[in-house]
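These notes are about the structure you will find just below.
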Amino acid sequence: MIRFSENYSLKNYNTFGVEAKASFFFEFTELDDLTEFLQSNSSWKEEPIFLLGGGSNLLFVDDYKGLIIHPNVPGVEVIRENRNQVWVEVGAGEDWDRFVDYCVKSQYYGLENLSLIPGTVGAAPVQNIGAYGVEVQDFVDTVNGFDLKTMTAYSVPAEQCQFEYRNSIFKNELKNRFIVTSVVFRLDKFPDFKLDYGTLKAEVEKRGKLDPHNVREAVVAIRQSKLPDPLELGNAGSFFKNPVVDHDFAEKLKAVNPGMPNYPTVDGKIKLAAGWLIDQCGWKGYRTGDAGVHKNQALVLVNYGNASGKELYLLSQEIQQSVKDRFAVELEPEANILGV
């Protein structure tokens with residue numbers, strides 16, 4: 001299936017629910033459709049290109065003057081397994097949380113901490129999504145796709161994906177060039193629980209038995225208590241990354257902010273909680289017009305109905321400046337911002 005349109009509304013393709021239009025929009029479900037489109041429409045080479053997944057980590061500040069390509073490839077297939085692990089290939093267009101649910105029910109483990117993260121499977125390795133002490137990079141085996149520069153389909157092994165905190169080669173060297181069509185995940189047949197992050201362990205214990213199903217249910221409960229449902233209140237989840245700072249600088253901040261959450265990283269640095277920093281600056285529950293900050297989670301910007309992308313962007317800039325002024329910490333957006 002393909003869809004090609006001009007002056008196409010993107011309101012239903014971003015979880016903020018802001019109105020924006022793309023000059024050109026192309027959606028496909030099979031790789032052959034993509035290659036046929038590219039070969040028969042050479043004018044695409046003259047247009048700026050953006051690769052759009054589920055739109056759950058995205059803010060359109062203005063209309064997109066170029067071509068948006070939306071890979072909506074379906075399918076979930078076990079392609080290999082041994083006694084301890086299973087390899088599952090998943091189409092880029094599959095809903096991420098439905099895939100996690102499938103894994104838990106199939107007794108394929110590792111992704112349960114990543115429950116209820118909005119978006120598509122194809123976007124997961126691009127963003128290197130993570131939550132509650134787990135990052136998707138630990139379970140990606142291969143990313144399959146099509147390169148617009150070389151006009152070839154090929155696979156990128158996990159070790160070549162240049163995974164970092166909320167980062168990958170697909171956001172840098174291959175940005176808007178490599179179209180993810182499917183991802184192969186290497187999952188475990190025996191669970192290895194990661195419960196040390198936040199209140200997750202206590203939430204699991206409320207449910208009695210320690211098993212992946214209860215871990216998933218606990219994660220879902222925590223996220224629902226803190227994060228608004230994009231179907232009910234427009235948002236893009238965590239709008240900012242948790243900043244990573246030097247150990248000495250973190251110690252200075254802790255000296256004057258004894259309750260400041262902080263988490264050591266493997267390279268000896270310290271990860272700070274962006275939500276806490278924003279909350280300390282008084283932004284939680286703030287609202288101006290239809291743009292605001294969620295009442296339960298200062299890390300989440302929300303659209304109460306008719307906020308424009310520009311209004312949400314200006315609010316994000318004010319937040320960044322206030323955190324910088326008070327803590328001397330630069331907040332970096334986790335959301336992709338288009339149109340500035």
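The values are calculated or read from the model by the stated rules, or taken from the named source; none is laboratory data. Everything quoted here is computed from the prediction, not taken from an experiment. Glycine also receives a Cβ, built like all others from the backbone with ideal geometry; neighbour counts cover every protein chain displayed.
Please determine whether any residue of the stretch 121-139 is surrounded by fewer than 17 Cβ atoms within 10 Å (Cβ to Cβ) and either under 25 Å from residue 239 (Cβ atoms) or not hydroxyl-bearing (Ser, Thr, Tyr) (or both). Among the residues of the stretch 121-139, at least one is surrounded by fewer than 17 Cβ atoms within 10 Å (Cβ to Cβ) and either under 25 Å from residue 239 (Cβ atoms) or not hydroxyl-bearing (Ser, Thr, Tyr) (or both), which makes the answer yes.
So that you can scan it fast, the table gives a plain yes or no per residue for (1) within 22 Å of the chain's Cα centre (by Cα); (2) among the acidic types (Asp, Glu):
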site	(1), (2)
2	no, no
13	yes, no
25	yes, no
30	no, yes
33	no, yes
52	yes, no
62	yes, yes
65	no, no
72	yes, no
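Would a scan of the stretch 189-211 turn up a residue that is among the hydroxyl-bearing types (Ser, Thr, Tyr) and under 20 Å from the mean Cα position of the chain (by Cα)? Yes; the residues of the stretch 189-211 include at least one that is among the hydroxyl-bearing types (Ser, Thr, Tyr) and under 20 Å from the mean Cα position of the chain (by Cα).
For the stretch 196-221, the set of residues classified as free of Cβ contacts under 8 Å to residues at least 60 places away in the same chain and aliphatic (A, V, I, L, M) consists of 202, 204, 210, 218, 221, listed by residue number. Residue check: is residue 284 modelled with pLDDT of 95 or more and part of a helix (DSSP H, G or I)? In short, no. Among the residues of the stretch 95-109, just one is more than 22 Å from residue 210 (Cα to Cα) and crowded, with 21+ Cβ neighbours inside 10 Å, namely 96. Selection within the stretch 52-82: residues that are within 23 Å of residue 239 (Cα to Cα) and of a type in the set (Asp, Glu). The member of this set that is surrounded by the most Cβ atoms within 10 Å (Cβ to Cβ) is 63.
Among the residues examined, residue 290 does not qualify as modelled with pLDDT of 95 or more and loosely packed, with under 13 Cβ neighbours inside 10 Å. Would you confirm, using the coordinates I've provided, whether residue 117 is closer than 20 Å to residue 27 by Cβ, buried (at least 23 other Cβ atoms within 10 Å of the Cβ) and touching a residue at least 12 places away in the same chain (Cβ under 8 Å)? In short, no.
In the set (1) aliphatic (A, V, I, L, M); (2) under 25 Å from residue 20 (Cβ atoms); (3) assigned to a loop (DSSP other than H, G, I, E, B), the condition left unmet by residue 298 is number (2). For the condition of a type in the set (A, V, I, L, M) and outside the structural domain of residue 329 (by TED's automatic domain parsing), what is the one hit in 255, 250, 158? Answer to the selection: 158. Scanning the stretch 209-253 for residues that are of a type in the set (Lys, Arg) and either modelled with pLDDT of 95 or more or within 30 Å of residue 52 (Cα to Cα) (or both) yields 216, 223, 226, 241, 252.
A search for C-beta distances below 9 Å between a residue of the stretch 162-173 that is farther than 16 Å from residue 50 by Cα and any residue that is part of a helix (DSSP H, G or I) and aromatic (Phe, Trp, Tyr), counting only pairs 6+ apart in sequence or on different chains, returns 162/170.
When residue 325 is tested against (1) among the acidic types (Asp, Glu); (2) in a loop (DSSP other than H, G, I, E, B); (3) more than 23 Å from the chain's Cα centre (by Cα), just one condition goes unmet, and that condition is (2).
Just checking, does the stretch 243-261 include any residue being closer than 30 Å to residue 29 by Cα and either touching a Ser or Thr at 6+ places or on another chain (Cβ under 7 Å) or of a type in the set (D, E, K, R) (or both)? No, that holds for no residue.
Highlighted here are the strands (runs of 3 or more DSSP E) found entirely within the stretch 180-276 that include at least 1 residues which are surrounded by fewer than 15 Cβ atoms within 10 Å (Cβ to Cβ): 262-264. On inspection, residue 320 qualifies as in contact with a Pro (Cβ under 9 Å, 6 or more places away or on another chain), assigned to a helix (DSSP H, G or I) and not small (Gly, Ala, Ser).
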